[in-house]
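The values are calculated or read from the model by the stated rules, or taken from the named source; none is laboratory data. Keep in mind that what you see is a predicted model, and the values were worked out from it rather than measured. Cβ atoms come from the backbone with ideal geometry, glycine included; neighbour counts cover every protein chain shown. Side chains included, ligands, DNA and RNA excluded: accessible areas come from the protein's heavy atoms. Shrake-Rupley method; radii C 1.70, N 1.55, O 1.52, S 1.80 Å.
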Amino acid sequence: MPDHPFHVAGGVFLGHSPARPEIDASFLTRPQAELPDLPEAASTSRRRKLWEIPHKFHCPVVGSCFAVKELRSLMHKVMHLPRDTSDFVLHTTAVGACKNRSRLAELLHKTLEKRYALTIRRFAASKTADGVRQLWREATASGVELPGALWAAWTHPACDSLLEHEIYGDIHMIQHQVGTGARADLKTLQALRTENAELRRQVDVLRQDAEAARHEKAGETRALGERLTELRAEQAGRDACIARLSAELERLRDSVPELRQRQALARRAEDAEARATALAAQCREQAETVDRLQRRLAELAPADNRQAEDTSLPDSTDETLRTAACESLDGKCVLCVGGRSGAVGAYREAVERQGGRFLHHDGGLEESLHRIDSALAAADLVICQAGCISHNAYWRVKEQCKRTGKPCLFVKRSGVSSFGRVIADLCGEEPVVATTG
């Protein structure tokens, strides 16, 4: 390759040979007449304007710091451009206008100064070219705020020709890398578009399936709603029928005022019938017992007659039998209402010892009060232990005994000894008839 420099987009690069592969930078120390056309940096401390930097730097500045849409909007403020102006013509026009001070150059300069004020302030803290170079390298390494760093470095007062071309070479290669990355991004974008198309197709299929499922669900919902309406109508009909039958039942009850009493009497009759059946069975058993005793007595009668011829019973024995007959209850049915559940057996024994039959009702604590009517009907006398029954049972027994004239004795204590004394008293005198009060 030739060793003489050649120009690329306004920049100067030197060739190389196999003996000297490095870039020939000796032109930087040659006399001014031998150096390429490289403008010198300003020797003042004032930052340079956009039109004061070398013209070949305007292309990277305009291309990197302004989007095409923004550049078009800014250029429309100071000049008239056709709407169909291409992006390339727009870019070259803006770059040409920045060579000298113009309205567009001033507008672009103000926009850059305002946009990158923080980056400019950070670069202004460095006073030497090496400091600016270090900040530029940090910006290129991080890739953050690269357009702002480019503008702040090229307009910095300490930026010399060597740093300018170093920055130019960096930004030139970055643009190439950006182009390569853009091509890779295009390939990736194409792959993503293909994948997106496939995903869209799958989404459409899923949407169609979901729509079909939604229609099916809507049909099922409508069917269930219709069925619910039918069930509600049936329920309303049943409620109306129940209300009608209830009203008719009440009307029938009102038409028969004594219906409840008749029903109560029917229940009492049923209880009495059951009690009578039980008593009939008990009578049969007793009759069988009497027959058996009579046969036994008939077998023993001859021996007793022979003994009667020789001796006779003393008068004291006849007196004892009369006393026993007087003291016995003579087969009367005694109803005990209330009392202790554990003492019912003792109550029964005390009654049966006196020759009576024993009935018991707990006074509504566990047994039904409806059964007390049949028990009262079957009893000859009633012993009501008022301290161990409910209030309803108390008044029911008292009212029934008063209406039927049945003997009834109310006692407060429920002990076995108290019950025994009451039975003993009843054997010696007439039972007390219950009265109101």
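Numbers for the structure displayed
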quantity	calculated
D254 - accessible surface, heavy atoms, 1.4 Å probe, Å² rounded to 10	120 Å²
Hits among lysines - C-alpha to C-alpha of K69 under 21 Å, sequence gap 8 or more where chains match	K77, K110, K114
Amide H within-cut-off set for V411, under 5 Å, with H built and near neighbours excluded	C384, Q385, A386
Other-chain or far-sequence residues with amide H under 5 Å of E367's (modelled H)	D362
Table column - 3J(HN,Hα) (Hz), segment 276-288, Karplus curve with 6.51, -1.76, 1.60, x for Gly and Pro	5, 4, 5, 5, 5, 4, 5, 5, 4, 4, 5, 5, 4
Amide H contacts under 5 Å for G355, placed H, 5+ residues apart	L329
Sequence of F410, F123 from largest to smallest accessible area, 1.4 Å probe	F410, F123
Under the Karplus curve 6.51 cos²θ - 1.76 cosθ + 1.60, θ = phi - 60°, whole-Hz ³J(HN,Hα) for segment 402-414, x wherever Gly or Pro sits	5, 5, 8, x, 7, x, 9, 10, 9, 10, 8, 8, 10
For a label point 7 Å along the Cα-to-beta-carbon line of D330, residues of segment 370-386 with backbone N under 20 Å	378-383
Accessible surface of V132 - all protein chains present, 1.4 Å probe, nearest 10 Å²	0 Å²
In order through segment 219-231: 3J(HN,Hα) via Karplus (6.51 cos²θ - 1.76 cosθ + 1.60), integer Hz, x for Gly, Pro	x, 4, 5, 4, 4, 5, x, 5, 5, 4, 5, 4, 5
Accessible surface of F66 - all protein chains present, 1.4 Å probe, nearest 10 Å²	20 Å²
